[in-house]
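Novice: If you scroll down you'll find the structure; I have some questions about it.
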Amino acid sequence: MNELGFPILSFMMAVPMVGAAACLFSGASTARTIALIATLVDFALGILLWLSFDQGAGHAQWQFQEYAPIFGRFAWAMGIDGIALTLIALTVFLMPICILASWDSIEKRVGEYMAAFLFMETLMIGVFAAQDLFLFYIFFEAGLIPMYLIIGIWGGVNRIYASYKFFLYTLLGSVLMLIAMLWMAREAGSTDIPTLMAYNFDPQVQTWLWLAFFASFAVKMPMWPVHTWLPDAHVQAPTAGSVILAGVLLKMGGYGFIRFSLPMFPEASAQFAWLVFALSMVAVVYTSLVALVQSDMKKLIAYSSVAHMAIVTVGLFAFNQAGIEGAMMVMLGHGLVSGALFLCVGVIYDRLHTREIDRYGGLSINMPKYALLFMLFTMASVGLPGTSNFVGEFLSLMGVYEASSWVALVCTTGIILGAAYMLYLYRRICFGDQKNADAAAMPDLTARELVMLVPIGLSVLWMGVYPESFLSPMRGDVQALVARIAPAKPEGDAKLTAGKPQPAAAHGAHEGGHEGEEKHATAGEAH
Amino acid sequence: MTSIQLIVFLPLLAAIIAGLGNKALGKLPAKLVTTGALFVSCALSWPIFLSYVAGDAGPMVVPVLHWLSSGSFEAAWELRVDALTAVMLVVVTSVSALVHLYSWGYMEEEPDQPRFFAYLSLFTFAMLMLVTANNLLQMFFGWEGVGLASYLLIGFWFRKPSASAAAIKAFVVNRVGDLGFMLGIFGTYLVFDTISIPDILAAAPGMAGSTIGFLGYRFDTMTVLCLLLFIGACGKSAQLGLHTWLPDAMEGPTPVSALIHAATMVTAGVFMVCRLSPMFETSETALAVVTYVGAATCLFAATVGTTQNDIKRVIAYSTCSQLGYMFFAAGVGAYGAAMFHLFTHAFFKALLFLGAGSVIHAMHHEQDMRYYGALRKEIPITFWAMTAGTLAITGVGIPGTLFGFAGFFSKDSIIESAYAAGGPGTFAFLIGVTAALLTSFYSWRLVFLTFFGKARWAGSEHIQHAVHDAHGHGDHHDHPDEEDSGHHDSPSHAHVSAPVIGTAGYHPHESPLVMLIPLIVLSIGAVAAGYVFHHAFIDAEGGAEFWAPSTLAFDAHLMHASHEVPLWVKWSPFAVMATGLVIAYLAYLRNTDWPAKFTAHFHVLYDFLLNKWYFDELYDMLFVKPAFAIGRFFWKRGDEGTIDRFGPNGMAALVVAGGRVTRRLQSGYLYTYALVMLLGLAAAVTWAITVS
């Protein structure tokens, strides 16, 4: 079974499932408590999972594996590698915070709401832990249902339109993916994901399979131009729904690329890298500029998510260690930061019931704690070194620079535009004078809100200052992936030539060339 | 725990305590903690610096923590100390400690003091991380950290719309530079497979002459890398093109301007070029670009400085111009001179800013020099300090001897090195001398307008306000300490006739002791720093010895040559300095109607300079407005008008429309179905016949 003596992954999925069932049959306050306890238990199990995950040299790639045949080739196959581990950790970390965020703001059908969230958690863990192709598909698609309900029932004014748009958009791509999966299972004779990751499909077939998977993952990601469901879904979703959507659901697309597209279809991935790069470059510039002109806080952050996810996709298709690790770090960092930003929006939305940026202003005066935390998350979103997002953005852009300097240049403009729209947002909300009496009368963060935001803030700093904790579990798996795709790796555009041998007199009299050189030598030794 | 760790991390600790403690902690403890930490750091820094001056210390690297590794990419938190770091250590900690102290007095009435002091200490920490960086990533961390602190401090009075706008501008314009810096790091890693500074510098000469593909073209590798990094330097050091944020940054409190926007942060670019000087040495093109950009900035900022009326803006443009000197010094290979000017400039420019702050304090937050005058007798210590600063910045001294103020040693060395270097240096020499004339003019103009002539206080709204308050009900202030800059220098005010002469019954007071002590200490620096340290920084032999334990590519030949320049070259800075002084004297003390006549006569030129060459207007038209317009276009026409319209909404409409059509077909009449069947049958038969 595994090191712990009990099937921890199934257990982590069962706990919220049981909680969900209990919530359905209990009153509002009981449901809240049950949900909080269930998510906290899962968080504790997540910590246990992380601590008992073997990160040592030469560790097994797949750990905590479980296998129980169900019928035919279909089996309950679970197991995680370091990549899945970090994403599961992100999920179980964000869930209790989501429950707390919904504590007071959800008043109707609390039991059902909590049940939907807990069911969601089960499915999200399932996506990251599934080792059977069809099991993955079921979790991947079933995740749509609770989210659809959360937006459609507890959402804002225009929730029905948003929930249908969300559902249909994401389902459309998935149908193609299912067809591809059926073909793959028949061709390879297995539905076991690790087996498929090592299976060499005919490059010609890869093209079609890659495109089928791409249709699904690109929508989930979301990549330009299939991103328009995201702003609507975010705007209409309740705060906690936005947090989970931005924090975890968007990561499923990136996880899909890492788990399926790249290792299963390396040749096709190389062949279509230009497509991914082109769409991502458009996304960075386009959605950043759109974010700049938004007057709705949630829409602004939603558009910024699209821009950040584009950094993930370019990093993934850079075909090197830095790019893929960077992409993972952006996913984790963005999960925390955009989740926190949506919580920040939720905090003031709960007080004033509007998302109009112009209704706020001068919040630094009456909500200093809020202003401090919001500043931290704003700066993290901007990618300031020392915060989680910098590590990811830096690595993935550095990775893609090796592939193409053009892509790196265009995507790096994201750091300028990102600063512009985020600081402009911050200025309009927290700086300036207090314009409206009701906004000026808002109280600062409550204890509950602090409990939600402070842990995220600390994690953001932790990831920024000592990212090794998060990189080390996934390092081996990314290395394996890079080795797997290395034969297909496209050539970069740098094509560096060797330096010409330096004649001593090549420098002008004023440059003192070799004196300098001697000095570097000593400096180098000093290091 | 070695002393360097204390130096760097004490300010961080103090910032955290003061920042998180904030109001709960109280003003005095917050001030004590932060100022105390800085004085300790400063006291620990000087011995390190002096040990390098004495020549008995080598470079060392103190590891702190592992940071980031990915594949072959390695970056650690580590503190590098060498001669170059030591120079920056004393500059940063000394000015910062003095500015902390000065702020006790200057920010007296501010209710939000813990936040202010926390930001100041945070800035100092970030700056120290920058100067102790042993790899490019940590340098970038410091680089962005100082940017953050600068953003927070410019926007300290966040209620003022102009302050928060200036803060965003500073951050975003700096990010443009950071784009270059980041690409430079990516490229450097690609080429050298490491970002450790000593390793790169050791390998750099071997890459000279190689080529690299960049943006579809092939370029000289080292030129590309150096220029990308230099773009970063231009952003932080406000060089021409990316300078627009610096004058606006004067929205921050004056002590901030002294620390960040004069003495330390803005010199980070110069520091970077000097730190990586062996890399720049491998590309003549890059060095030429550095020279030209530096010279152009030097002249541009000096011309604008001559027309500004806001006391802080004059000094801001002066800073920009002096940074230009440092850059072209680096560009011609005189890195020692560049660092020396950085060093002396830190003292006299911090002095000028703090002096200006003292004047502003005395004049009840009035910043427009047209409402000053005759302050010499009212605030004598400030006057003498400002005079010392002005003597230093204008480079007063007797060529050929060692009698001179700080700027005399450093600036003359730069100008002479430029001449001695030849090539682009000759151009830089001419520009440098011209700019020295303008420097002397605007610096003395500032002194004469402020301290001499007749009192013109009566026209100032701030003074009227103060006098009214004194007569009325005492301490009624809206925002006691907020400075009010940039309101008076709009073109519409430019031709306003001479301000009202008179004191309006106002009595300026000299600043309190906590503000005067920093002025006095810095005055000593402005007077003596050049004489005391010129041997170590720029002397051909002394410099070679001093800079040996550092990454700075000191060029003893060039420094020798700079001492051997013709006599007219040596005297030219002196001559133009004297000329500028005389013009300022004649125009602002003897014939006070000259400036008005001049502006009336050359109003096009005057407006051009007063409006800072219209850079802000140009950028607004080229970048800011289009960004919003394009964003709106993408949103309304792109997302909503195209993707949604033809995507989900279009599909939905199509399904509805399709349903409507097919519903019509289900008419229920047998004869229609029969007809369709018949047609189908006919078609099928036709096909079967024609195919076979």
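Novice: Where the second residue is at pLDDT below 90 and in a helix (DSSP H, G or I) and the first is more than 18 Å from A:ALA420 (Cβ to Cβ) and lies in region B:609-638, which pairs have Cβ atoms under 6 Å and are six or more apart or on separate chains?
Specialist: Partner pairs satisfying both residue conditions: B:LEU610/B:ALA494.
Novice: Let me ask you something else. In region B:132-181, how many are of a type in the set (D, E, K, R), more than 30 Å from B:VAL64 (Cβ to Cβ) and in a helix (DSSP H, G or I)?
Specialist: So the answer is 1.
Novice: Condition first: touching a residue at least 60 places away in the same chain (Cβ under 8 Å), in a loop (DSSP other than H, G, I, E, B) and within 14 Å of chain A (Cβ to nearest Cβ). Now tell me which residues in region B:209-243 satisfy that.
Specialist: Correct list: B:LEU242 only.
Novice: Here's something else I'd like to know. Mind listing whichever residues of region A:10-30 are outside any helix (DSSP H, G or I) and open to solvent by 50 Å² or more (accessible area, probe 1.4 Å)?
Specialist: If the condition is that a residue be outside any helix (DSSP H, G or I) and open to solvent by 50 Å² or more (accessible area, probe 1.4 Å), then A:PHE25 is the only one that fits.
Novice: For A:PRO455, all conditions in the list (1) surrounded by fewer than 20 Cβ atoms within 10 Å (Cβ to Cβ); (2) within 14 Å of chain B (Cβ to nearest Cβ) hold save one; what is the number of the exception?
Specialist: (2)
Conditions tested, residue by residue: (1) of a type outside the set (S, T, N, Q); (2) part of a helix (DSSP H, G or I); (3) free of Cβ contacts under 8 Å to residues at least 60 places away in the same chain.
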{"position": "A:ALA218", "(1), (2), (3)": "yes, yes, no"}
{"position": "A:PRO222", "(1), (2), (3)": "yes, no, no"}
{"position": "A:PRO225", "(1), (2), (3)": "yes, no, yes"}
{"position": "A:LEU230", "(1), (2), (3)": "yes, yes, no"}
{"position": "A:SER242", "(1), (2), (3)": "no, yes, no"}
{"position": "A:GLY247", "(1), (2), (3)": "yes, yes, no"}
{"position": "A:GLY253", "(1), (2), (3)": "yes, yes, yes"}
{"position": "A:SER261", "(1), (2), (3)": "no, yes, yes"}
{"position": "A:GLU267", "(1), (2), (3)": "yes, yes, no"}
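Novice: With respect to A:THR33, determine if the residue is closer than 30 Å to A:LEU445 by Cα and crowded, with 22+ Cβ neighbours inside 10 Å.
Specialist: No, not satisfied.
Novice: Could you tell me whether any residue of region A:156-171 is under 21 Å from A:PHE117 (Cβ atoms), open to solvent by 30 Å² or more (accessible area, probe 1.4 Å) and in contact (Cβ under 8 Å) with a residue 60 or more places away in the chain?
Specialist: Yes, there is a match, as at least one residue in region A:156-171 is under 21 Å from A:PHE117 (Cβ atoms), open to solvent by 30 Å² or more (accessible area, probe 1.4 Å) and in contact (Cβ under 8 Å) with a residue 60 or more places away in the chain.
Novice: Has region B:650-666 got any residue that is away from chain A (no Cβ under 14 Å), open to solvent by 50 Å² or more (accessible area, probe 1.4 Å) and assigned to a loop (DSSP other than H, G, I, E, B)? It would help to see each step written out before you state the result.
Specialist: From region B:650-666, those away from chain A (no Cβ under 14 Å) are B:657-666; that's our starting set.
Still in the running and open to solvent by 50 Å² or more (accessible area, probe 1.4 Å): B:660-666.
Within this subset, residues satisfying the condition of being assigned to a loop (DSSP other than H, G, I, E, B) are B:666.
The answer is yes; a qualifying residue exists.
Novice: Based on this model, can you work out whether A:PHE319 counts as open to solvent by less than 10 Å² (accessible area, probe 1.4 Å), at pLDDT below 95 and either within 13 Å of chain B (Cβ to nearest Cβ) or touching a helix residue (DSSP H, G or I) at 6+ places or on another chain (Cβ under 9 Å) (or both)?
Specialist: yes
Novice: If I filter region B:667-676 for residues that are of a type in the set (Ser, Thr, Tyr), part of a helix (DSSP H, G or I), more than 30 Å from B:SER417 (Cα to Cα) and in contact (Cβ under 8 Å) with a residue 40 or more places away in the chain, do I get at least one hit?
Specialist: Just the residues of region B:667-676 that are of a type in the set (Ser, Thr, Tyr), to begin with: B:667, B:669, B:671-673.
Still in the running and part of a helix (DSSP H, G or I): B:671-673.
Still in the list and also more than 30 Å from B:SER417 (Cα to Cα): B:671-673.
Then keep just the ones that are in contact (Cβ under 8 Å) with a residue 40 or more places away in the chain; that gives none.
Within region B:667-676, not a single residue is of a type in the set (Ser, Thr, Tyr), part of a helix (DSSP H, G or I), more than 30 Å from B:SER417 (Cα to Cα) and in contact (Cβ under 8 Å) with a residue 40 or more places away in the chain.
Novice: Let me confirm something: among B:GLY180, B:GLY155, B:GLY147, B:GLY187, which residue is without any contact (Cβ under 8 Å) to a residue 60 or more places away in the chain and within 22 Å of the chain's Cα centre (by Cα)? So that I can check it myself, show each step before the final result.
Specialist: Numbers: B:GLY155 fails: without any contact (Cβ under 8 Å) to a residue 60 or more places away in the chain; B:GLY147 fails: without any contact (Cβ under 8 Å) to a residue 60 or more places away in the chain; B:GLY187 fails: within 22 Å of the chain's Cα centre (by Cα).
From the options B:GLY180, B:GLY155, B:GLY147, B:GLY187, the qualifying one is B:GLY180.
Novice: Taking region A:58-80 as the region of interest, how many residues are farther than 11 Å from A:ALA130 by Cα, touching a residue at least 12 places away in the same chain (Cβ under 8 Å) and not polar (S, T, N, Q)?
Specialist: 5
Novice: Exactly one of (1) out of contact with any Ser or Thr (no Cβ under 9 Å at 6 or more places or on another chain); (2) open to solvent by 60 Å² or more (accessible area, probe 1.4 Å); (3) part of a helix (DSSP H, G or I) is unmet by B:ALA684. Its number?
Specialist: Here B:ALA684 clears every test but (2).
Novice: Would you tally the residues in region B:174-208 being closer than 30 Å to B:PRO247 by Cβ, of a type in the set (A, V, I, L, M, F, W, C) and facing another protein chain (nearest Cβ under 9 Å)?
Specialist: Residues flagged as closer than 30 Å to B:PRO247 by Cβ, of a type in the set (A, V, I, L, M, F, W, C) and facing another protein chain (nearest Cβ under 9 Å) within region B:174-208 amount to 5.
Novice: So A:ILE311 fits all but one of (1) surrounded by fewer than 24 Cβ atoms within 10 Å (Cβ to Cβ); (2) out of contact with any strand residue (DSSP E or B) (no Cβ under 8 Å at 6 or more places or on another chain); (3) within 14 Å of chain B (Cβ to nearest Cβ); what number is the exception?
Specialist: (1)
Novice: Okay, moving on. Do any helices (runs of 4 or more DSSP H) entirely within region B:575-644 hold 1 or more residues that are over 27 Å from the mean Cα position of the chain (by Cα), within 14 Å of chain A (Cβ to nearest Cβ) and of a type in the set (D, E, K, R), and if so, which?
Specialist: Qualifying helices (runs of 4 or more DSSP H): B:625-633.
Novice: Still on this structure: What residue, among those in region B:404-423 that are within 14 Å of chain A (Cβ to nearest Cβ) and in contact with a Leu (Cβ under 8 Å, 6 or more places away or on another chain), is nearest to B:MET577 (Cα to Cα)?
Specialist: B:SER417
Novice: Applying the selection to region B:61-80, what residues are touching a Ser or Thr at 6+ places or on another chain (Cβ under 9 Å) and either more than 10 Å from chain A (Cβ to nearest Cβ) or open to solvent by 50 Å² or more (accessible area, probe 1.4 Å) (or both)?
Specialist: If the condition is that a residue be touching a Ser or Thr at 6+ places or on another chain (Cβ under 9 Å) and either more than 10 Å from chain A (Cβ to nearest Cβ) or open to solvent by 50 Å² or more (accessible area, probe 1.4 Å) (or both), then B:VAL62, B:SER72, B:GLU74, B:ALA76, B:LEU79 are the ones that fit.
The values are calculated or read from the model by the stated rules, or taken from the named source; none is laboratory data. The shown structure was predicted, so the numbers you read here are calculated from the model rather than taken from an experiment. Heads up, the Cβs are rebuilt from the backbone with ideal geometry, glycines too, and the neighbour counts pull from every protein chain shown. Accessible surface areas use protein heavy atoms only, side chains included; no ligands, DNA or RNA. Shrake-Rupley method; radii C 1.70, N 1.55, O 1.52, S 1.80 Å.
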